[in-house]
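> Attaching a single structure in structure tokens format; questions to follow.
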Amino acid sequence: MNRYQESVYTLPIGDLRRQYLLAVRPGEILDTHRRRAINLSEMIRLLEPATFVLIGEQHDNAQHHQFQAEVIEGLVQAGRSVIVGMEMFDRTKQYPLNLWTLNRLSEAEFIEQSEWKTQWGFDFALYRPIFEVVYRHRLRLVGLNVPRSVVRQTARGGWQSVPEAERMGIPDPDLSVDDHRKLFYALLGGGHPTGQTQNDNFYAAQVVWDTAMADSALRYLERTVPSPRLAFVIIAGNGHVMYDVGISLRLRMRTNLATRVITPLPPSAQPTRVRASLGDFVWLPG
């Protein structure tokens, strides 16, 4: 792992109580609170208090998607009532997602009707393990994203430039979270626009993205029969979940329901150093 990647996983941000550094070994799930390695079954048990379980990913990493599917399966086997929300679809595609839950579409029909290739574009096979576990258990599947036009317009002209009719009820983004801003620019490296206004708009687009996905999850939950066994799994890129300053923070701004963050790392044959605040659990594929 290069020096840039290490800096992203050891940023001094997030939970002030967990600013210590830890080493995670290949193949391990690290419990950053208890500072020790655990197995998948133990992590599932420790997720018991959480309504929202956020699992990050590198979009093109097949191991990450297999791991996400295994966590979902583990929650189902533990008797949780599981909902799976995905960054990969926007709200306008909810109907075909419902049909997939009901086993009424073939894979080819689902790919076509959900417009996977334009909604997301990564090879569907990478994500197949997730869709298979959803299909097998008929889990509710939720599109969390908003049309890309909303995010693009925010990046161009700021949130206020998005017409009210196109905001889909998304709350005004809170741009004041310094730790989130630090993460955003650390992930971006040197590739962000020049000029302060452009920078602020570009950053605002990321906050709108996170805020909108949290909003989608909460709106879906409002229409769901309450259950103490509910587990709303959110599948999104690492940049939206790391350090508990992305989607989970936007959820906590509006609800007291407990959240937990699982951060998968890039595969490595060597131990990797991480900041404990990176996630409640950190997994290093070997």
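> Would you mind ranking S41, S176 so that the residue whose beta carbon has the fewest other beta carbons within 10 Å leads the list?
Neighbour counts put them in this order, fewest first: S176, S41.
> Let me ask another. Mind checking the range 133-223 for chymotrypsin sites (Phe, Trp or Tyr not before Pro) that DSSP puts in a loop (not H, G, I, E or B) and that have at most 11 other Cβ atoms within 10 Å?
When the chymotrypsin sites (Phe, Trp or Tyr not before Pro) of the range 133-223 are filtered for loop state and at most 11 Cβ neighbours within 10 Å, nothing remains.
> I would also like to ask the following. Around R80, with a cut-off of 13 angstrom between Cβ atoms, what is the net charge of the other residues, counting Lys and Arg +1 and Asp and Glu -1?
Once positives and negatives cancel, what remains is +2.
> Please state the shape class of the chain: rounded when a/c is under 1.5, otherwise prolate if a/b exceeds b/c and oblate if not, all from the C-alpha gyration tensor.
rounded
> Run the helix sum for the chain: -39,500 (n - 2.57) per DSSP H stretch of 4+ residues, divided by residue count, reported at 222 nm to the nearest 500 deg cm²/dmol.
-12500 deg cm²/dmol
> Further, regarding this structure: Sort V261, V207 so the one with the fewest other Cβ atoms within 10 Å of its own Cβ comes first.
With the sparsest Cβ surroundings first, the list reads V207, V261.
> Taking a spot 7 Å from the Cα of L16 along the direction of its beta carbon, which residues of the range 147-179 have an amide N less than 17 Å from it?
Within reach of a label on L16, which here means backbone N under 17 Å from a point 7 Å along Cα→Cβ, the range 147-179 contributes 177-179.
> For the residues D200, D178, what sequence is obtained by ranking on other C-beta atoms within 10 Å, fewest first?
Fewest-to-most Cβ neighbours within 10 Å comes out as D178, D200.
> What's the Cα-based Rg to Rh of the range 194-286, Rh via Kirkwood?
Rounded to two decimals, Rg/Rh equals 1.04.
> With only Lys, Arg, Asp and Glu charged, each at its Cβ (+1 for the first two, -1 for the last two), find how big the charge dipole of the chain is about the Cα centre; round to the nearest 20 debye.
I would put it at about 520 debye.
Any read-out appearing in this document is the output of simple, stated calculations on the displayed coordinates, not a laboratory observation. None of these values were measured; they are calculated from a predicted model. Here Cβ is always computed from backbone atoms with ideal geometry, including for glycine, and neighbour counts include all displayed protein chains.
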